[in-house]
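The structure appears below as structure tokens.
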Amino acid sequence: MQLTVVDHPLARVALSVLRDESTDVAGFRQAMGTLSSILAYEAARGLSVTELPVRTPLTETTGARLDELPLVVPVLRAGLGLLPGMLEHLPGAPTAFVGVKRNETTLVPEPYLDTVSEGLDGIEAWVLDPMLATGGSMADALRRLAERGATDVTAVCVVCAPQGIEAMRAIEQAGVGRLRLITATIDDGLNDAKFIVPGLGDAGDRQFGPR
């Protein structure tokens, strides 16, 4: 699995705002949007383009257009915060949604929504989930995409725990296709409640309020 940690000053500043417990909802959303835009640049690095002629006010030159837009799949709720930054750069990208909630007793993710269509053969997909903790929610989304034919998937996360990264490696080895992981940081690990440490708290609650 290709793992990319985006080490950029603007990404570090936005991540610091997200980590800060004193950041309010407005500040958190703004920082998440800024960081998602930076992550979108990295996720788009491998997209193929076709050259085409462009006429400037002075002469003709060579430009480019994307051959195909990726399917963007935020994992609800928290993944919605990464969506605007992606669509800012890829406004025409098709979008599907996967809803997964955490069972606070068993700590196991439970799916409740799936709008991913069939027939994804040959289509690149980006899965958006700010927190890659145990990897359970991401694994569920990846399996759903694989069942529908996707073989080229990029996971876009803000904060990752080593346990979540290993879970993604295991999914790839199980044969779901080519996986990439793009993140702003890899944190120390998980606490007893399976939250990432140091982390940034519950990304869904900090964007949209408690459930």
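The values are calculated or read from the model by the stated rules, or taken from the named source; none is laboratory data. Quick caveat, the model's predicted, so the values are computed rather than measured. Cβ placement follows ideal geometry from the backbone for every residue including glycine, while neighbour counts extend to all protein chains displayed. Heads up: the accessible areas ignore ligands, DNA and RNA and are worked out on the full protein's heavy atoms, side chains in. Shrake-Rupley method; radii C 1.70, N 1.55, O 1.52, S 1.80 Å.
When the residues of region 40-55 are narrowed to those that are in contact with a strand residue (DSSP E or B) (Cβ under 7 Å, 6 or more places away or on another chain) and touching a residue at least 12 places away in the same chain (Cβ under 8 Å), which ends up least open to solvent (accessible area, probe 1.4 Å)?
Within region 40-55, the match that is least open to solvent (accessible area, probe 1.4 Å) is Ala43.
Applying the selection to region 1-39, what residues are in a helix (DSSP H, G or I) and touching a strand residue (DSSP E or B) at 6+ places or on another chain (Cβ under 7 Å)? Of everything in region 1-39, those that are in a helix (DSSP H, G or I) and touching a strand residue (DSSP E or B) at 6+ places or on another chain (Cβ under 7 Å) turn out to be Leu15, Leu39.
Residues of region 162-211 that are in a strand (DSSP E or B), buried (at least 17 other Cβ atoms within 10 Å of the Cβ) and of a type in the set (Lys, Arg): Arg180 alone. Restricting attention to region 115-137, the residues being closer than 19 Å to Ile165 by Cβ and either modelled with pLDDT under 90 or in contact with a His (Cβ under 7 Å, 6 or more places away or on another chain) (or both) number 2. Evaluated against (1) surrounded by 13 or more Cβ atoms within 10 Å (Cβ to Cβ); (2) touching a residue at least 24 places away in the same chain (Cβ under 8 Å); (3) under 19 Å from the mean Cα position of the chain (by Cα), Ala31 falls short on exactly one condition, (2). Looking only at region 155-208, residues that are over 24 Å from Arg144 (Cβ atoms) and among the polar types (S, T, N, Q) come to 2 in all.
Among the residues of region 110-126, are any crowded, with 20+ Cβ neighbours inside 10 Å, within 28 Å of Glu21 (Cα to Cα), touching a residue at least 12 places away in the same chain (Cβ under 8 Å) and not hydroxyl-bearing (Ser, Thr, Tyr)? Looking for residues that are crowded, with 20+ Cβ neighbours inside 10 Å, within 28 Å of Glu21 (Cα to Cα), touching a residue at least 12 places away in the same chain (Cβ under 8 Å) and not hydroxyl-bearing (Ser, Thr, Tyr), one finds none in region 110-126, hence no. Checked against (1) open to solvent by 50 Å² or more (accessible area, probe 1.4 Å); (2) modelled with pLDDT of 90 or more, Val159 passes all but a single condition, namely (1). Consider region 36-70 and keep the residues that are polar (S, T, N, Q) and more than 22 Å from the chain's Cα centre (by Cα). The one that is farthest from Arg180 (Cα to Cα) is Thr59.
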